[in-house]
Amino acid sequence: MLALDPGISFHHMNFPGTLSVSERALEQYTLDLMSSLARWGVRKVLIINGHSGNLPTLQILSRRAREELGVCVYIYQWWSSPKLEDLFDSEERGHAAAAETSLIMYLCPGAVNTQKLRDESLSRGEINAIRFSYTDEISRSGIMGRQSSASASRGRELFKKFGRFDRDN
(Lines give C-alpha, C1' and ligand atoms only; values in the text may rest on other atoms or scores of the structure.)
Protein backbone atom coordinates (compact mmCIF):
# COMPACT_ATOMS: atom_id res chain seq x y z
CA MET A 1 0.00 0.00 0.00
CA LEU A 2 2.55 2.62 1.04
CA ALA A 3 6.09 3.01 2.27
CA LEU A 4 7.00 4.98 5.36
CA ASP A 5 10.43 6.59 5.48
CA PRO A 6 12.39 7.32 7.58
CA GLY A 7 12.00 5.07 10.57
CA ILE A 8 13.53 4.85 14.01
CA SER A 9 17.22 5.43 13.40
CA PHE A 10 18.43 7.54 16.34
CA HIS A 11 21.08 4.90 17.05
CA HIS A 12 22.70 5.93 13.73
CA MET A 13 22.59 9.69 14.47
CA ASN A 14 26.37 9.99 14.82
CA PHE A 15 26.64 9.26 11.07
CA PRO A 16 26.07 12.46 9.04
CA GLY A 17 22.80 12.67 7.13
CA THR A 18 20.84 10.21 9.29
CA LEU A 19 17.12 10.98 9.58
CA SER A 20 14.95 9.50 12.32
CA VAL A 21 11.51 9.70 13.90
CA SER A 22 10.60 8.96 17.50
CA GLU A 23 9.04 5.69 18.59
CA ARG A 24 5.86 7.55 19.55
CA ALA A 25 5.62 9.23 16.14
CA LEU A 26 5.97 5.95 14.21
CA GLU A 27 3.58 4.11 16.52
CA GLN A 28 0.86 6.78 16.47
CA TYR A 29 1.08 7.48 12.73
CA THR A 30 0.89 3.78 11.89
CA LEU A 31 -1.90 3.18 14.41
CA ASP A 32 -3.87 6.04 12.81
CA LEU A 33 -3.47 4.32 9.43
CA MET A 34 -4.67 1.04 10.99
CA SER A 35 -7.69 2.86 12.40
CA SER A 36 -8.60 4.10 8.92
CA LEU A 37 -8.22 0.60 7.51
CA ALA A 38 -10.31 -0.89 10.32
CA ARG A 39 -13.09 1.58 9.57
CA TRP A 40 -13.34 0.05 6.09
CA GLY A 41 -13.41 -3.52 7.36
CA VAL A 42 -9.73 -4.47 7.10
CA ARG A 43 -8.90 -6.96 9.86
CA LYS A 44 -5.45 -8.19 8.79
CA VAL A 45 -2.44 -6.04 7.86
CA LEU A 46 1.02 -7.07 6.72
CA ILE A 47 3.88 -4.73 7.54
CA ILE A 48 7.07 -5.44 5.61
CA ASN A 49 9.67 -3.91 7.89
CA GLY A 50 12.85 -2.70 6.24
CA HIS A 51 14.75 -1.55 9.34
CA SER A 52 15.41 -3.49 12.53
CA GLY A 53 15.29 -0.28 14.60
CA ASN A 54 11.53 -0.21 13.96
CA LEU A 55 10.80 -3.69 15.32
CA PRO A 56 10.22 -2.99 19.05
CA THR A 57 7.77 -0.19 18.19
CA LEU A 58 6.02 -2.29 15.55
CA GLN A 59 5.57 -5.08 18.10
CA ILE A 60 3.87 -2.64 20.49
CA LEU A 61 1.79 -1.30 17.59
CA SER A 62 0.76 -4.85 16.69
CA ARG A 63 -0.55 -5.45 20.21
CA ARG A 64 -2.35 -2.10 20.33
CA ALA A 65 -3.96 -2.62 16.91
CA ARG A 66 -5.26 -6.00 18.05
CA GLU A 67 -6.60 -4.74 21.39
CA GLU A 68 -7.92 -1.33 20.33
CA LEU A 69 -9.02 -1.92 16.74
CA GLY A 70 -9.46 -5.67 16.31
CA VAL A 71 -6.80 -5.62 13.57
CA CYS A 72 -4.24 -8.42 13.44
CA VAL A 73 -0.85 -7.06 12.33
CA TYR A 74 1.82 -9.34 10.88
CA ILE A 75 5.41 -8.09 10.73
CA TYR A 76 7.69 -9.56 8.08
CA GLN A 77 11.46 -9.01 7.96
CA TRP A 78 13.37 -10.68 5.12
CA TRP A 79 16.64 -10.81 7.07
CA SER A 80 15.04 -13.02 9.74
CA SER A 81 14.17 -15.80 7.31
CA PRO A 82 16.07 -19.09 7.53
CA LYS A 83 16.27 -18.96 3.71
CA LEU A 84 18.92 -16.25 4.03
CA GLU A 85 21.33 -18.79 5.54
CA ASP A 86 21.34 -20.62 2.19
CA LEU A 87 22.89 -17.58 0.48
CA PHE A 88 24.98 -15.77 3.09
CA ASP A 89 26.97 -16.91 6.12
CA SER A 90 26.46 -15.31 9.54
CA GLU A 91 29.20 -12.67 9.04
CA GLU A 92 27.54 -11.58 5.78
CA ARG A 93 24.10 -11.01 7.32
CA GLY A 94 24.86 -8.04 9.62
CA HIS A 95 23.95 -4.38 9.14
CA ALA A 96 25.31 -3.12 5.80
CA ALA A 97 27.16 -6.41 5.31
CA ALA A 98 27.16 -8.51 2.13
CA ALA A 99 23.45 -9.47 2.12
CA GLU A 100 22.09 -5.91 2.39
CA THR A 101 24.82 -4.46 0.18
CA SER A 102 24.29 -7.11 -2.52
CA LEU A 103 20.58 -6.32 -2.58
CA ILE A 104 21.29 -2.60 -3.06
CA MET A 105 23.88 -3.39 -5.75
CA TYR A 106 21.24 -5.37 -7.65
CA LEU A 107 18.29 -3.01 -7.16
CA CYS A 108 20.23 0.26 -7.61
CA PRO A 109 23.18 -0.35 -9.93
CA GLY A 110 25.88 2.23 -9.37
CA ALA A 111 24.68 3.21 -5.88
CA VAL A 112 27.47 1.28 -4.16
CA ASN A 113 31.10 2.29 -4.61
CA THR A 114 32.66 -1.17 -4.80
CA GLN A 115 36.11 0.31 -4.16
CA LYS A 116 34.93 1.12 -0.62
CA LEU A 117 33.56 -2.31 0.30
CA ARG A 118 35.07 -3.42 3.60
CA ASP A 119 34.76 -5.83 6.47
CA GLU A 120 34.38 -4.75 10.05
CA SER A 121 34.37 -6.75 13.25
CA LEU A 122 32.09 -5.50 15.99
CA SER A 123 33.58 -4.13 19.17
CA ARG A 124 31.23 -5.31 21.87
CA GLY A 125 31.83 -5.34 25.59
CA GLU A 126 32.46 -8.49 27.54
CA ILE A 127 29.13 -8.33 29.39
CA ASN A 128 26.49 -10.60 27.86
CA ALA A 129 23.56 -8.23 28.37
CA ILE A 130 21.32 -6.07 26.22
CA ARG A 131 21.78 -2.32 26.37
CA PHE A 132 21.19 0.58 24.02
CA SER A 133 24.23 1.36 21.89
CA TYR A 134 24.84 3.94 19.23
CA THR A 135 25.98 2.19 16.06
CA ASP A 136 29.34 3.96 16.05
CA GLU A 137 30.10 2.53 19.50
CA ILE A 138 30.26 -0.97 18.03
CA SER A 139 31.21 -0.23 14.40
CA ARG A 140 33.35 2.65 13.15
CA SER A 141 31.72 2.56 9.70
CA GLY A 142 28.23 1.23 10.46
CA ILE A 143 29.11 -2.04 8.72
CA MET A 144 28.52 -5.03 10.96
CA GLY A 145 30.30 -7.98 9.43
CA ARG A 146 31.77 -8.90 6.07
CA GLN A 147 30.77 -6.60 3.22
CA SER A 148 33.59 -7.32 0.76
CA SER A 149 31.84 -10.43 -0.63
CA ALA A 150 28.83 -8.39 -1.81
CA SER A 151 27.88 -8.46 -5.50
CA ALA A 152 24.96 -7.59 -7.73
CA SER A 153 24.63 -11.24 -8.78
CA ARG A 154 24.26 -12.30 -5.13
CA GLY A 155 21.71 -9.50 -4.74
CA ARG A 156 19.78 -10.87 -7.72
CA GLU A 157 19.71 -14.32 -6.07
CA LEU A 158 18.52 -12.75 -2.83
CA PHE A 159 15.80 -10.75 -4.56
CA LYS A 160 14.58 -13.79 -6.47
CA LYS A 161 14.35 -15.68 -3.21
CA PHE A 162 12.59 -12.90 -1.31
CA GLY A 163 11.11 -10.73 -4.05
CA ARG A 164 7.70 -12.18 -3.39
CA PHE A 165 6.33 -12.43 0.13
CA ASP A 166 6.41 -16.02 1.31
CA ARG A 167 3.64 -16.58 3.85
CA ASP A 168 5.49 -19.56 5.32
CA ASN A 169 8.40 -17.36 6.47
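The values are calculated or read from the model by the stated rules, or taken from the named source; none is laboratory data. Values in this document were obtained by computation on a predicted structure and should not be read as measured data. For neighbour counting, all protein chains shown are included, and Cβ atoms are generated from backbone atoms with ideal geometry for every residue, glycine included.
The table for this structure:
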item: Residue list for region 46-86, filter: more than 17 Å from the chain's Cα centre (by Cα) and of a type in the set (D, E, K, R); result: 63, 64, 66, 67, 68, 86
item: Contacts under 9 angstrom Cβ, first residue in region 98-110 being in a helix (DSSP H, G or I), partner among the polar types (S, T, N, Q) and surrounded by 20 or more Cβ atoms within 10 Å (Cβ to Cβ), 6 or more apart; result: 98/147; 100/147; 101/147
item: Residue within region 87-105 that is hydrophobic (A, V, I, L, M, F, W, C), at negative phi and surrounded by fewer than 14 Cβ atoms within 10 Å (Cβ to Cβ) present; result: no
item: Members of region 44-81 found to be assigned to a loop (DSSP other than H, G, I, E, B) and surrounded by 12 or more Cβ atoms within 10 Å (Cβ to Cβ), listed by number; result: 49, 50, 51, 71, 77, 81
item: Those residues of region 1-18 which are in a loop (DSSP other than H, G, I, E, B) and of a type in the set (A, V, I, L, M, F, W, C), in sequence order; result: 1, 2, 3, 4, 8, 13, 15
item: Given (1) surrounded by 14 or more Cβ atoms within 10 Å (Cβ to Cβ); (2) of a type outside the set (A, V, I, L, M, F, W, C); (3) modelled with pLDDT of 90 or more, number of the condition residue 16 does not satisfy; result: (1)
item: Pair list, Cβ < 9 Å and 6+ apart or interchain, from region 34-50 residues that are among the β-branched types (Val, Ile, Thr) to residues that are in a strand (DSSP E or B) and surrounded by 14 or more Cβ atoms within 10 Å (Cβ to Cβ); result: 45/73; 47/73; 47/75; 47/76; 48/75; 48/76
item: Subset of region 61-79 (residues that are in contact with a helix residue (DSSP H, G or I) (Cβ under 9 Å, 6 or more places away or on another chain) and either modelled with pLDDT under 90 or polar (S, T, N, Q) (or both)); result: 77, 78, 79
item: Hey, residue 61 closer than 27 Å to residue 94 by Cα and in contact with a Ser or Thr (Cβ under 8 Å, 6 or more places away or on another chain) or not; result: yes
item: Top-ranked residue of region 19-43 - restricted to ones that are assigned to a loop (DSSP other than H, G, I, E, B) and touching a Gly at 6+ places or on another chain (Cβ under 8 Å), ranked as surrounded by the most Cβ atoms within 10 Å (Cβ to Cβ); result: 21
